[in-house]
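K.L.:
Below you'll find the structure I mean.
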There are 2 protein chains.
Amino acid sequence: MTVVIALDAMGGDHAPQIVLAGAELVLSEKRFTHTHNTQINFLLFGDDQLLTRLIKEFPLLKSHAQICHAEQAVTSTTKPSLALRQAAASGMGLAIKAVADGRASAVVSAGNTGAYMALSKMFLKTLDGVDRPAIAKIMPTRRGKSIVLDLGANAECNVSNLVQFGVMGSVLAEHSGLYEKGQKPTIGLLNIGSESSKGLPHLQETASILEKYVNFYGFVEGNDITAGTTDVVVTDGFSGNVALKAIEGTAHLIKHFLKEALARYLSGKIGYLIAQKSFAALAKRMDPRLYNGAILLGLRGIAVKSHGGTDAVGYAEAIKVALDLASNHHNPLEVGGELSFNRIIQERIAQLKTSA
Amino acid sequence: MTVVIALDAMGGDHAPQIVLAGAELVLSEKRFTHTHNTQINFLLFGDDQLLTRLIKEFPLLKSHAQICHAEQAVTSTTKPSLALRQAAASGMGLAIKAVADGRASAVVSAGNTGAYMALSKMFLKTLDGVDRPAIAKIMPTRRGKSIVLDLGANAECNVSNLVQFGVMGSVLAEHSGLYEKGQKPTIGLLNIGSESSKGLPHLQETASILEKYVNFYGFVEGNDITAGTTDVVVTDGFSGNVALKAIEGTAHLIKHFLKEALARYLSGKIGYLIAQKSFAALAKRMDPRLYNGAILLGLRGIAVKSHGGTDAVGYAEAIKVALDLASNHHNPLEVGGELSFNRIIQERIAQLKTSA
């Protein structure tokens with residue numbers, strides 16, 4: 001099977017270099033392509049002169065990519081409204097359009113999140129019944145991995161939005177390969193205080209609806225995200241974004257504290273040298289690049305958002321998230337035998353609407 | 001100088017044992033009492049039979065405490081409404097009342113936060129002009145320490161609430177001993193995206209007002225809390241609570257990852273043994289007990305909230321926060337020469353109202 005991934009080659013702080021290097025990295029990982037038994041091709045959207053010159057340094061990519069010229073680039077400061085006006089001319093817009101047109105199975109961008117979501121809604125359209133797409137991410141926890149959504153697409157959410165996020169998050173978890181087949185992932189709703197009487201009224205109402213449609217655990221608190229109390233944590237984009245960044249910030253802080261503590265005593269420095277293998281394992285487990293790649297969920301196609309400041313290793317992870325979704329659920333809305341997760345999302349959302 | 005601290009001896013998961021043990025710990029720390037050049041006395045509110053029996057194990061406390069009987073205890077599940085009805089009979093209510101009556105300079109409780117805030121508002125009253133008290137906490141950062149508020153007292157906040165939190169947080173920072181005298185602490189407003197155009201409309205408005213009244217840095221994001229980007233981080237109680245708990249949860253997660261990584265290889269175990277001093281230093285720096293003690297800010301008196309699940313070491317820290325505030329700002333509203341921080345809060349809030 002051949003999977004085509006469209007890349008917004010100009011999006012992100014260190015584009016296009018890290019985009020190309022990230023794609024090269026994915027192609028070089030035999031393990032990955034073998035598991036999926038898949039031939040990977042890339043469509044690179046951006047300045048063709050620049051990309052044609054740069055791609056010479058990436059031999060694997062050169063033979064697995066097609067460069068598609070785009071006049072403009074969406075920068076980190078481009079407002080979504082401007083991005084929409086320039087949609088058909090920007091690398092980001094054209095990369096998304098390639099998925100809408102069926103030329104690619106998924107799109108990856110490290111560009112401006114607001115513009116990416118706006119352009120994805122415009123070109124891909126939302127799934128039937130989905131009011132607002134959400135940004136979902138797989139995060140490391142004490143128990144393994146959990147999915148958190150929304151992470152910033154919708155700063156304010158009403159009951160219906162949150163219920164839909166719960167349903168979409170559940171379907172994503174069921175199809176993410178994180179859990180055994182047939183297992184019903186547990187869904188938690190982020191609140192302050194886990195007692196059922198606590199928190200804001202609209203969260204009470206969301207909880208009462210969610211328990212009818214998903215394997216609802218109940219309210220969870222900020223610490224439950226990393227504890228892995230539930231397989232999915234549902235929240236509005238403001239709190240989700242704050243939590244995600246607080247978690248990233250704390251990881252940085254503790255890394256800093258650990259370094260300082262080890263550097264403080266000679267015994268610490270010696271112990272560090274001896275335990276290097278353990279510290280390398282810890283560094284790998286805490287490496288935010290290895291969790292890069294958020295999913296724009298609720299769209300008629302697969303769109304993955306890379307962190308804007310990541311490097312080639314991080315960008316490669318975002319491509320792998322797209323590849324995972326695309327090769328498991330190729331052509332999401334027109335799958336033959338097996339239902340794709342997007343079709344299941346539509347069915348579950350339709351059930352919500354019927355009962356409401 | 002004698003400082004009297006009222007303790008809700010029955011509040012918290014491990015009360016009254018850890019309350020008594022925590023108070024004993026504070027009394028045993030000569031360094032602390034010497035710095036403040038202060039004689040500390042405690043009023044212990046709770047079941048007098050139980051407390052009379054238990055206090056025998058704490059010789060220092062026994063000679064520095066008075067037991068005051070309370071018929072009832074506010075438990076972790078007591079609703080604030082019930083707590084208010086039983087106010088005059090509960091240890092929590094009576095301990096707060098002791099501050100209102102001038103018998104104590106500050107109160108500490110590890111009990112139910114909602115009930116504690118409700119009873120504090122009832123007995124202590126809010127400061128003139130303050131619409132809603134907030135819960136503030138001093139948190140460790142990469143640069144030192146920062147103050148975050150609100151941490152859960154007000155799940156939803158309007159512009160005026162957030163502006164007041166900014167002003168109160170600034171005054172607390174100026175008087176917390178964290179910064180040099182005369183230094184104007186920087187105030188950040190938590191948002192998603194730090195660009196001034198980002199985030200919710202009411203945060204835009206809050207920012208435009210705050211920059212007139214405090215040393216306003218601008219918007220900050222979740223990772224800026226632990227980075228220590230600003231001296232004070234202002235947010236609503238929902239996001240603040242989520243961030244605080246996400247930070248705590250991440251610290252737990254990484255401790256767990258570190259332990260696993262060291263246990264995984266023999267070299268890790270040996271390195272750990274050699275670097276023990278460094279790991280002890282790290283453990284101390286990450287110990288959440290040493291940051292225990294949140295401040296109920298905006299009240300006519302000093303009320304400190306201990307984490308409900310803490311132990312004696314953590315409870316002692318909460319007492320020290322109360323002691324710090326009480327011995328620096330004794331009798332907050334009737335100070336002679338030097339202005340207390342509560343009086344300054346009132347003045348600054350009045351300025352806000354005049355200009356609005």
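The values are calculated or read from the model by the stated rules, or taken from the named source; none is laboratory data. The structure presented is a predicted model; accordingly, all values stated were derived computationally and were not measured. Every residue, glycine as well, gets a Cβ built from its backbone with ideal geometry; the counts of neighbours run over all protein chains shown.
K.L.:
Name the pairs whose Cβ atoms lie under 6 Å apart, with the first residue in region B:238-250 and within 7 Å of another protein chain (Cβ to nearest Cβ), the second of a type in the set (Asp, Glu), and 6 or more positions between them or separate chains?
P.N.:
Close Cβ pairs (under 6 Å, with a partner that is of a type in the set (Asp, Glu)) amount to B:Lys245/A:Glu221.
K.L.:
Quick check, is A:Leu54 in contact with a strand residue (DSSP E or B) (Cβ under 9 Å, 6 or more places away or on another chain), farther than 15 Å from A:Val313 by Cβ and at pLDDT 95 or above?
P.N.:
Considered against the rule, which asks whether it is in contact with a strand residue (DSSP E or B) (Cβ under 9 Å, 6 or more places away or on another chain), farther than 15 Å from A:Val313 by Cβ and at pLDDT 95 or above, A:Leu54 comes out as no.
K.L.:
Inside region A:74-84, can you point out the residues that are in contact (Cβ under 8 Å) with a residue 40 or more places away in the chain and crowded, with 18+ Cβ neighbours inside 10 Å?
P.N.:
Hit for region A:74-84 is A:Val74, nothing else.
K.L.:
Ok, one more. Would you say B:Ala303 is of a type in the set (A, V, I, L, M, F, W, C), within 11 Å of chain A (Cβ to nearest Cβ) and either over 16 Å from the mean Cα position of the chain (by Cα) or not in a loop (DSSP other than H, G, I, E, B) (or both)?
P.N.:
In short, no.
K.L.:
While we're looking at this one, here's another question. Picking from B:Ala87, B:Ala106, B:Ala100, which residue would you name as being crowded, with 23+ Cβ neighbours inside 10 Å and either at pLDDT 95 or above or out of contact with any Pro (no Cβ under 6 Å at 6 or more places or on another chain) (or both)?
P.N.:
None of the other options fit; the residue is B:Ala106.
K.L.:
Only one of these is more than 14 Å from chain A (Cβ to nearest Cβ), surrounded by fewer than 18 Cβ atoms within 10 Å (Cβ to Cβ) and not in a loop (DSSP other than H, G, I, E, B): B:Leu44, B:Leu60. Name it.
P.N.:
Testing whether each residue is more than 14 Å from chain A (Cβ to nearest Cβ), surrounded by fewer than 18 Cβ atoms within 10 Å (Cβ to Cβ) and not in a loop (DSSP other than H, G, I, E, B) leaves just B:Leu60.
K.L.:
Just to be sure before I move on: is A:Leu50 more than 23 Å from A:Ile302 (Cβ to Cβ) and part of a helix (DSSP H, G or I) in the structure I sent?
P.N.:
So A:Leu50 passes the test.
K.L.:
Related question: So, of the residues in region B:184-202 that are at the interface with chain A (Cβ under 9 Å from one of its Cβ atoms) and surrounded by fewer than 24 Cβ atoms within 10 Å (Cβ to Cβ), which turns out to be farthest from the chain's Cα centre (by Cα)?
P.N.:
Filtering region B:184-202 for residues that are at the interface with chain A (Cβ under 9 Å from one of its Cβ atoms) and surrounded by fewer than 24 Cβ atoms within 10 Å (Cβ to Cβ), the one farthest from the chain's Cα centre (by Cα) comes out as B:Ser197.
K.L.:
Also, quick follow-up: Condition first: aliphatic (A, V, I, L, M) and surrounded by fewer than 21 Cβ atoms within 10 Å (Cβ to Cβ). Now tell me which residues in region B:140-166 satisfy that.
P.N.:
If the condition is that a residue be aliphatic (A, V, I, L, M) and surrounded by fewer than 21 Cβ atoms within 10 Å (Cβ to Cβ), then B:Ala155, B:Val159 are the ones that fit.
K.L.:
Quick check on my filter: what residues within region B:258-273 are at the interface with another protein chain (Cβ under 7 Å from one of its Cβ atoms) and surrounded by fewer than 20 Cβ atoms within 10 Å (Cβ to Cβ)?
P.N.:
Selection gives B:Arg264, B:Tyr265, B:Ser267, B:Ile270.
K.L.:
Considering only region A:209-245, state which residues are in contact with a Ser or Thr (Cβ under 6 Å, 6 or more places away or on another chain), over 17 Å from A:Pro140 (Cα atoms) and aliphatic (A, V, I, L, M).
P.N.:
Of everything in region A:209-245, just one residue is in contact with a Ser or Thr (Cβ under 6 Å, 6 or more places away or on another chain), over 17 Å from A:Pro140 (Cα atoms) and aliphatic (A, V, I, L, M), namely A:Val214.
K.L.:
Which condition number does B:Ser327 fail, the rest of (1) in contact with a strand residue (DSSP E or B) (Cβ under 8 Å, 6 or more places away or on another chain); (2) buried (at least 22 other Cβ atoms within 10 Å of the Cβ); (3) hydroxyl-bearing (Ser, Thr, Tyr) being met?
P.N.:
Just one mismatch for B:Ser327, condition (2).
K.L.:
Of everything in region B:97-139 that's assigned to a helix (DSSP H, G or I) and among the small types (Gly, Ala, Ser), which residue is farthest from B:Thr310 (Cα to Cα)?
P.N.:
B:Ala100
K.L.:
Working only within region B:158-191, note down all residues that are modelled with pLDDT of 95 or more, among the hydrophobic types (A, V, I, L, M, F, W, C) and in contact with a Phe, Trp or Tyr (Cβ under 8 Å, 6 or more places away or on another chain).
P.N.:
B:Val163, B:Val167, B:Ile187, B:Leu189, B:Leu190
K.L.:
Follow-up question, since we're still on this one. Quick check on region A:4-18. Is at least one of its residues polar (S, T, N, Q) and buried (at least 20 other Cβ atoms within 10 Å of the Cβ)?
P.N.:
Taking every residue of region A:4-18 in turn, none turns out to be polar (S, T, N, Q) and buried (at least 20 other Cβ atoms within 10 Å of the Cβ).
K.L.:
Report every pair of residues separated by at least 6 positions or lying on different chains whose Cβ atoms are under 7 Å apart, first residue within region A:59-73 and under 19 Å from A:Ala21 (Cβ atoms), second part of a strand (DSSP E or B) and among the β-branched types (Val, Ile, Thr).
P.N.:
Here the result reads A:His64/A:Ile40, each pair linking region A:59-73 to a residue that is part of a strand (DSSP E or B) and among the β-branched types (Val, Ile, Thr).
K.L.:
Scan region B:276-300 residue by residue and report those that are within 14 Å of chain A (Cβ to nearest Cβ), out of contact with any Phe, Trp or Tyr (no Cβ under 7 Å at 6 or more places or on another chain) and within 18 Å of B:Leu244 (Cβ to Cβ).
P.N.:
B:Asp287, B:Pro288, B:Leu290, B:Tyr291, B:Ala294
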